[in-house]
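The values are calculated or read from the model by the stated rules, or taken from the named source; none is laboratory data. This one's a predicted model, so the numbers in the text were calculated from it and none came from an experiment. Here the Cβ is made from the backbone with ideal geometry for all residues, glycine too, and neighbour counts use every protein chain on show. Surface accessibility is based on the protein's heavy atoms, side chains included, excluding ligands, DNA and RNA. Shrake-Rupley method; radii C 1.70, N 1.55, O 1.52, S 1.80 Å.
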Amino acid sequence: MSVCDLILGQTFEVSGNPMTSPWQEAVAVTRDSAVLLKDGRIEQVGKASALRRQHPQARVTDYGDRLICPGFVDAHVHYPQTAIIASWGKQLIDWLNTYTFPEELRLSDPDYAGIIADRYLDLTLAHGTTTVCSYATSHPASVDAFFEAAETRNLRTIAGKTCMDRNAPDALCDTAQRAYDESKSLLEHWHGRGRAQYAITPRFSPTSTPAQLEALGALWAEHPTCLMQTHLSEQVPEIEWVRGLFPTARDYLDTYEMYGLIGEHAVFGHAIHLEPREIGRIAETGAALVHCPTSNTFIGSGLMDVAGLAARSVPLGLATDTGGGSSFSMLRTMAAAYEVAQLRGTALHPAQLLYLATAGSARALHLQDTIGTLAPGYEADLTILDLASTPAIAQRAAEAENIWEAIFPTIMMGDDRAIADVWIAGKRWVTG
């Protein structure tokens, strides 16, 4: 007979989408609440006193006034870039050539790939992130290394071999056929194994020939429940480059659409400089977009129109975009999302920011029925936030007139010190 865990604290609960409806109707924080965990899933959420009476044999962990959240979901990362995070002075194309490609070449060594995968997942867990959707390198061993590291931690993760057959170092390039064959082999091995899911992963149009995009479109058609992840309209020079490489395409999105790489399970990172037609097609097909605010400011890409895209009912996720992003923390990423929105004339509410980092990103990754929400039947990945983790945060929170004023300083100034605890599939995570 399995033993239940009963976790007490304040609970962050989502019943709708605060990006498309009033946040007061979609999100709530409940005091004196509890979450009952059994067999790796959430069994019940309710008042602490009632659940304690109903389950007197449960192991109790009392977090007091700390906030019980779904584990953070980082919807767009490059785990191979862990070691080059916070590198100086480049924008997208120069970033790839100067930092990314040389580092990705190092992951041709399976041992080094394993070291980086372990390091990345430990760093992100320390920041309260329990699910990531990652690009690997073009080396199949880098995919294996990532999924193996995630499997040892029992993490729900998504990843894929990054496919490139041009405009990259020869040692990183595959071919259209190899991209298809290796991706298919990895997909068949990992997709649905434990908590792993595979994503078909062309890096972006400039590094894939039409033949490769066509091959990956064919693979996705054969496995439509997989995600397809790639980049879209990150920087203006990149868009001009795409126009030159695909002179018959209507726009950047069309370079994917022509080869069947758009649909409900498509996840496009960045999507800053979109044309009206692109926004319309994304909304029509149900494809998701992922906001990468620390990356977009760090490498000078631009300011995503989160409010405008939400108004079109486009599914939106949030991501650190390691290592173009300058932090492993989803709290720092929420803070950057707030600042970017302010520059575009919108003040995102803390309820919306927490939603984007949890249920919103889960929805973008088609995991909305699995993770990202505190509700019965969901997998029990949890992050516990200390809302007074530093003197600066504590003194501001003490002046709060409501719970959202108490949460907001942690979003804006919090880091790994605010992560009081992490639970993975119903078990408390212990470093090392």
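Quick check: is even one residue across segment 224-233 part of a helix (DSSP H, G or I) and touching a Pro at 6+ places or on another chain (Cβ under 7 Å)?
Just the residues of segment 224-233 that are part of a helix (DSSP H, G or I), to begin with: none.
Checking segment 224-233: not a single residue is part of a helix (DSSP H, G or I) and touching a Pro at 6+ places or on another chain (Cβ under 7 Å).
Would you be able to tell me the number of residues in segment 194-223 that are part of a loop (DSSP other than H, G, I, E, B) and open to solvent by less than 30 Å² (accessible area, probe 1.4 Å)?
Step one: list which residues in segment 194-223 are part of a loop (DSSP other than H, G, I, E, B), which gives 194-195, 203-204, 208-209, 223.
If we keep only those that are open to solvent by less than 30 Å² (accessible area, probe 1.4 Å) too, we end up with 195, 203-204, 208.
Of the residues in segment 194-223, 4 are part of a loop (DSSP other than H, G, I, E, B) and open to solvent by less than 30 Å² (accessible area, probe 1.4 Å).
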(message) Cβ-Cβ distance below 7 Å, separation of 6 or more or different chains: which pairs start in segment 126-147 with a residue that is open to solvent by 10 Å² or more (accessible area, probe 1.4 Å) and end on one that is in a strand (DSSP E or B)?
(response) 126/419; 127/419
(message) Considering only residues that are closer than 30 Å to residue 331 by Cα and in contact with a Gly (Cβ under 6 Å, 6 or more places away or on another chain), which ones fall in segment 246-272?
(response) 264, 272
(request) Write out, first by first residue and then by second, each pair whose Cβ atoms fall under 7 Å of each other, whose residues are 6+ apart or on separate chains, and whose first residue, in segment 173-193, is in a helix (DSSP H, G or I) while the second is β-branched (Val, Ile, Thr). (result) 176/209; 183/200; 186/143
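How many residues are assigned to a loop (DSSP other than H, G, I, E, B), in contact with an Asp or Glu (Cβ under 6 Å, 6 or more places away or on another chain) and not charged (D, E, K, R) if we restrict to segment 234-271?
First, the residues of segment 234-271 that are assigned to a loop (DSSP other than H, G, I, E, B): 234-235, 246-251, 258-265, 271.
From the residues that got through so far, the ones that are in contact with an Asp or Glu (Cβ under 6 Å, 6 or more places away or on another chain) too are 251, 259.
Still in the list and also not charged (D, E, K, R): 259.
Of the residues in that region, 1 qualify.
Modelled with pLDDT of 95 or more, assigned to a helix (DSSP H, G or I), hydrophobic (A, V, I, L, M, F, W, C) and under 25 Å from residue 366 (Cα atoms), is that true of residue 83?
Working: modelled with pLDDT of 95 or more: yes; assigned to a helix (DSSP H, G or I): yes; hydrophobic (A, V, I, L, M, F, W, C): yes; under 25 Å from residue 366 (Cα atoms): no.
The answer is no for residue 83.
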(message) Out of 104, 151, I need the residue that is over 21 Å from residue 367 (Cα atoms), of a type in the set (Asp, Glu), touching a residue at least 24 places away in the same chain (Cβ under 8 Å) and part of a helix (DSSP H, G or I). Which one?
(response) 104
(request) May I ask you to list pairs of residues, at least six apart or on different chains, whose Cβ atoms are under 9 Å apart, with the first in segment 17-39 being farther than 14 Å from residue 352 by Cβ and the second being among the basic types (Lys, Arg) and assigned to a strand (DSSP E or B)? (result) 30/47; 32/47; 33/47; 34/47; 37/427
(request) Considering only segment 326-420, give the helices (runs of 4 or more DSSP H) lying wholly within it that have at least 2 residues that are open to solvent by 10 Å² or more (accessible area, probe 1.4 Å). (result) 330-343, 350-355, 391-397, 403-413
(request) Collect the residues in segment 421-432 that are open to solvent by 80 Å² or more (accessible area, probe 1.4 Å), at negative phi and not charged (D, E, K, R), keeping them in residue-number order. (result) 430, 431
(request) Select from segment 148-166 the residues that are within 29 Å of residue 417 (Cβ to Cβ) and small (Gly, Ala, Ser) and write down the one among them that is surrounded by the most Cβ atoms within 10 Å (Cβ to Cβ). (result) 159
